[in-house]
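K.L.:
Once you've had a glance at the structure underneath, I'll fire off some questions.
The values are calculated or read from the model by the stated rules, or taken from the named source; none is laboratory data. Owing to the predicted nature of the structure, the values given are computational and were not obtained by experimental measurement. Note that we place each Cβ from the backbone using ideal geometry, even for glycine, and neighbour counts take in every protein chain shown.
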Amino acid sequence: MYLEKLRLDGKVALVTGGGQAIGLASVEALAEAGAKVIIADRDGAIAETGRDSLKAKGYDVDIAIMDVTNSARVNEVADEVIAKHGHIDVLVNNAGIARSMTPAETVTDEHWLNVIDVNLNGTFWCCRAFGNHMLKAGRGSIVNIGSMSGFIVNKPQEQAFYNASKAGVHHLTKSLAAEWGARGVRVNAVAPTYINTPLNAFVKTDAKMYDAWIGGTPMARMGEVEEIASVVLFLAGDAASLMTGSVVVVDGGYTCW
Ligand code: NDP
């Protein structure tokens with residue numbers, strides 16, 4: 001009875017930025033649970049590589065080339081998914097950029113707007129486009145990838161733009177959950193700590209920063225993509241049927257200190 005609630009047979013799911021790292025692991029988790037999954041990434045080569053790696057594991061996933069900052073394209077892909085599959089049940093808003101290590105007083109307009117555009121605006125365009133179809137169907141589950149940076153200020157790297165964008169994602173999650181809760185659409189978020197992905201590659205050349213990250217983490221390690229994907233899977237399906245507006249912190253204890 002309980003394990004069955006994690007199953008997503010017959011469901012259709014789309015993961016933005018799904019071609020690699022946390023997104024790709026989430027695609028695999030959803031596919032393993034039985035969903036038909038679409039990788040939506042801005043880079044066709046990354047999307048294809050992700051799809052091929054899952055094909056090798058026996059999962060037949062689709063791809064859509066989509067930049068989340070392009071709301072017209074997001075609407076188009078949402079319509080295409082409905083035309084092809086008839087419904088969309090799960091949306092994972094994972095696409096995000098960091099562009100860390102820039103002190104606030106030196107941030108350019110372009111830098112600020114770019115991070116907000118991908119992380120916050122892009123998340124909203126996708127919630128709006130796919131959420132409309134979910135609302136019409138009276139069911140759906142949206143999982144936004146926020147960050148512990150939406151709760152705390154990371155150190156030592158400066159990234160006010162990123163932290164603000166992720167705090168925005170968390171409150172957007174709660175706002176949409178409140179608006180859509182009675183209409184069958186749940187909206188939750190995951191707030192990860194530092195995860196081993198290309199987004200964090202810059203720390204590999206900075207032992208001092210790495211030590212600060214690990215020293216600030218009770219579990220004394222970074223996370224792995226699978227440790228976020230399993231929480232995405234939980235939130236996506238009926239195992240989390242009473243959850244909406246939750247921001248689930250998955251941080252090895254980082255926000256305890
Ligand atoms: P990666 O950079 O490894 O992967 C992100 C994916 O999103 C890439 O395929 C990237 O494509 C794609 N992407 C970027 N911009 C867009 C866009 N405008 N439209 C569509 N796709 C886009 O990131 P992670 O897996 O590390 O992070 C995934 C999410 O998790 C992000 O939202 C991030 O903020 C969040 N997060 C990550 C943490 C970490 O420590 N890694 C910690 C906390 C939160 P391309 O390569 O072409 O840019």
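K.L.:
Is it fair to say LYS155 is under 18 Å from VAL74 (Cα atoms), surrounded by fewer than 16 Cβ atoms within 10 Å (Cβ to Cβ) and more than 10 Å from the ligand (Cβ to nearest atom)?
P.N.:
Spelling it out, it is not the case that LYS155 is under 18 Å from VAL74 (Cα atoms), surrounded by fewer than 16 Cβ atoms within 10 Å (Cβ to Cβ) and more than 10 Å from the ligand (Cβ to nearest atom).
K.L.:
Now for a separate question. State all residues of the range 75-97 that are near the ligand (Cβ under 9 Å from one of its atoms) and either over 25 Å from ALA239 (Cβ atoms) or not in a strand (DSSP E or B) (or both); if no residue qualifies, say none.
P.N.:
Once the filter is applied, which keeps residues that are near the ligand (Cβ under 9 Å from one of its atoms) and either over 25 Å from ALA239 (Cβ atoms) or not in a strand (DSSP E or B) (or both), the range 75-97 yields ASN94, ALA95, GLY96, ILE97.
K.L.:
Same structure, new question: Scan the range 136-151 and tell me whether some residue there is within 16 Å of the ligand (Cβ to nearest atom), hydrophobic (A, V, I, L, M, F, W, C) and farther than 15 Å from THR244 by Cα. Give the derivation first.
P.N.:
Looking only at the range 136-151, we keep the residues that are within 16 Å of the ligand (Cβ to nearest atom), and these are 142-151.
Now narrow it down to the ones that are hydrophobic (A, V, I, L, M, F, W, C): 142-143, 145, 148, 151.
Subsequent filtering for residues that are farther than 15 Å from THR244 by Cα retains 148, 151.
Yes: the range 136-151 contains one or more residues that are within 16 Å of the ligand (Cβ to nearest atom), hydrophobic (A, V, I, L, M, F, W, C) and farther than 15 Å from THR244 by Cα.
K.L.:
Looking at LYS36, LYS57 in this structure, which one is within 24 Å of LEU235 (Cβ to Cβ), touching a residue at least 24 places away in the same chain (Cβ under 8 Å) and loosely packed, with under 15 Cβ neighbours inside 10 Å?
P.N.:
LYS57
K.L.:
Only one of LEU113, LEU135, LEU91 is modelled with pLDDT of 95 or more and touching a Leu at 6+ places or on another chain (Cβ under 8 Å). Can you tell me which?
P.N.:
Residue meeting the stated conditions: LEU91.
K.L.:
Give me the pairs, please: first residue somewhere in the range 163-177 and more than 14 Å from ILE152 (Cα to Cα), second residue anywhere and more than 13 Å from the ligand (Cβ to nearest atom) and assigned to a helix (DSSP H, G or I), beta-carbon distance under 6 Å, and either six or more positions apart or on two chains.
P.N.:
LEU176/CYS127
K.L.:
Six or more apart or on different chains, Cβ atoms under 8 Å: show the pairs whose first residue is in the range 199-212 and closer than 17 Å to VAL225 by Cβ and whose second is among the hydrophobic types (A, V, I, L, M, F, W, C).
P.N.:
Qualifying pairs under 8 Å: LEU199/ALA21; LEU199/ILE97; LEU199/ALA98; ASN200/ALA98; ASN200/MET222; VAL203/MET209; VAL203/TRP213.
K.L.:
Just to be sure I understand the filter: pairs with C-beta atoms under 8 Å, separated by 6 or more residues or on different chains, first member in the range 113-124 and more than 16 Å from GLY150 (Cα to Cα), second member β-branched (Val, Ile, Thr) and in a helix (DSSP H, G or I). Which pairs pass?
P.N.:
What qualifies is GLY122/VAL74.
K.L.:
In addition: Please verify whether VAL68 is part of a loop (DSSP other than H, G, I, E, B) and buried (at least 24 other Cβ atoms within 10 Å of the Cβ), treating the condition exactly as stated.
P.N.:
Yes, satisfied.
K.L.:
More than 13 Å from the ligand (Cβ to nearest atom), surrounded by fewer than 19 Cβ atoms within 10 Å (Cβ to Cβ) and over 20 Å from ASP251 (Cβ atoms) - does that describe any residue in the range 114-132?
P.N.:
So far as the range 114-132 goes, yes, one or more of its residues are more than 13 Å from the ligand (Cβ to nearest atom), surrounded by fewer than 19 Cβ atoms within 10 Å (Cβ to Cβ) and over 20 Å from ASP251 (Cβ atoms).
K.L.:
For the range 182-193, indicate whether the set of residues that are in contact with an Asp or Glu (Cβ under 8 Å, 6 or more places away or on another chain) and within 23 Å of ILE46 (Cβ to Cβ) is non-empty.
P.N.:
So in the range 182-193, the residues in contact with an Asp or Glu (Cβ under 8 Å, 6 or more places away or on another chain) come out as 191-193.
Subsequent filtering for residues that are within 23 Å of ILE46 (Cβ to Cβ) retains 192.
Checked the range 182-193: at least one residue is in contact with an Asp or Glu (Cβ under 8 Å, 6 or more places away or on another chain) and within 23 Å of ILE46 (Cβ to Cβ).
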